[in-house]
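**Student:** My questions all concern the structure below.
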Amino acid sequence: MEKENIIVLSFGSNLGDKKNNILKAYKLLERELGTMIKCSSFLETKAWGFESNETFVNSCAKFSTTLTPFESLKVINAVEHKLGRTRSNGAGYEDRVIDIDIIFFNNETIDTSELKIPHPLWEVRDFVKIPLKEIM
């Protein structure tokens, strides 16, 4: 039997139908990642780390998955792409249709150039901490 893992994700959107972008991400992840255990309410916030005229809608969700952290990252990146996320080659943050970050994966610690778990900035981002409190 495959091991069930708990993965906690943070979602953000500041372009288009922001809440609907996150709801679509939930649905795609339920199909491709695993079962959603719990999701937070939506939180509206100002852009963090860059200037934007668009506010963000943020949330967090907890899923059960049989995938590994790196398999999960591939699924998450594919879901972002399906929803219209494009990444520029420039450094720094920018407006986006959807952004999904892995905050926790079980109690694991991973530190590679591709993936860092727990997410290194979660503790300084209220747009992660506030919805995270709801689901933990």
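The values are calculated or read from the model by the stated rules, or taken from the named source; none is laboratory data. Keep in mind that this is a model prediction, so the values were computed, not measured. Ideal geometry is used to build each Cβ from the backbone, glycine not excepted, and the neighbour counts take in all protein chains shown. With ligands, DNA and RNA removed, areas are computed over all heavy atoms of the protein, side chains included. Shrake-Rupley method; radii C 1.70, N 1.55, O 1.52, S 1.80 Å.
**Student:** Go through I76, I100 for me and flag whichever is among the aliphatic types (A, V, I, L, M), in contact (Cβ under 8 Å) with a residue 60 or more places away in the chain, under 23 Å from E4 (Cβ atoms) and touching a helix residue (DSSP H, G or I) at 6+ places or on another chain (Cβ under 6 Å). Outline the logic, then answer.
**Tutor:** Details: I76 fails: touching a helix residue (DSSP H, G or I) at 6+ places or on another chain (Cβ under 6 Å).
Result: I100 is the single residue among I76, I100 that is among the aliphatic types (A, V, I, L, M), in contact (Cβ under 8 Å) with a residue 60 or more places away in the chain, under 23 Å from E4 (Cβ atoms) and touching a helix residue (DSSP H, G or I) at 6+ places or on another chain (Cβ under 6 Å).
**Student:** So, in the stretch 43-58, how many residues would count as being in contact (Cβ under 8 Å) with a residue 60 or more places away in the chain and open to solvent by 60 Å² or more (accessible area, probe 1.4 Å)?
**Tutor:** Initially, the stretch 43-58 is screened for residues in contact (Cβ under 8 Å) with a residue 60 or more places away in the chain, giving 43, 45, 48, 56, 58.
Remaining after also requiring open to solvent by 60 Å² or more (accessible area, probe 1.4 Å): 48.
The number of residues fulfilling the criteria is 1.
**Student:** Any chance the stretch 26-37 includes a residue that's aliphatic (A, V, I, L, M) and under 20 Å from I130 (Cβ atoms)? Don't jump to the end; show me each part of the working.
**Tutor:** Here is the first cut: in the stretch 26-37, the residues aliphatic (A, V, I, L, M) are 28-29, 33, 36-37.
The next check asks that each one be under 20 Å from I130 (Cβ atoms); those that pass are 36-37.
Within the stretch 26-37, one or more residues are aliphatic (A, V, I, L, M) and under 20 Å from I130 (Cβ atoms).
**Student:** Please verify whether the stretch 25-38 includes one or more residues that are among the polar types (S, T, N, Q) and touching a helix residue (DSSP H, G or I) at 6+ places or on another chain (Cβ under 6 Å).
**Tutor:** Initial filter on the stretch 25-38 (among the polar types (S, T, N, Q)): 35.
Those still in the list that are touching a helix residue (DSSP H, G or I) at 6+ places or on another chain (Cβ under 6 Å) too: none.
No: zero hits.
**Student:** A follow-up question, please. Provide a single number: the residues in the stretch 5-27 that are part of a strand (DSSP E or B), farther than 19 Å from T86 by Cβ and open to solvent by less than 30 Å² (accessible area, probe 1.4 Å).
**Tutor:** We begin by selecting, within the stretch 5-27, every residue part of a strand (DSSP E or B); these are 5-13.
Still in the running and farther than 19 Å from T86 by Cβ: 5-10.
Next, from what is left, pick out any that are open to solvent by less than 30 Å² (accessible area, probe 1.4 Å): 5, 7-10.
The total comes to 5.
**Student:** Ok, one more. Restricting to the stretch 68-106, name every residue that is open to solvent by 60 Å² or more (accessible area, probe 1.4 Å), among the basic types (K, R) and at pLDDT below 95.
**Tutor:** Listed by number, the list holds a single entry, R87.
**Student:** Let me ask something else. What number of residues within the stretch 107-136 satisfy the criterion of being closer than 18 Å to I6 by Cβ, open to solvent by less than 60 Å² (accessible area, probe 1.4 Å) and in a loop (DSSP other than H, G, I, E, B)?
**Tutor:** Result for the stretch 107-136: 3.
**Student:** Of all residues in the stretch 1-56 being in contact with a Ser or Thr (Cβ under 7 Å, 6 or more places away or on another chain), closer than 23 Å to T109 by Cα and among the charged types (D, E, K, R), which is modelled with the highest pLDDT?
**Tutor:** Within the stretch 1-56, the match that is modelled with the highest pLDDT is E4.
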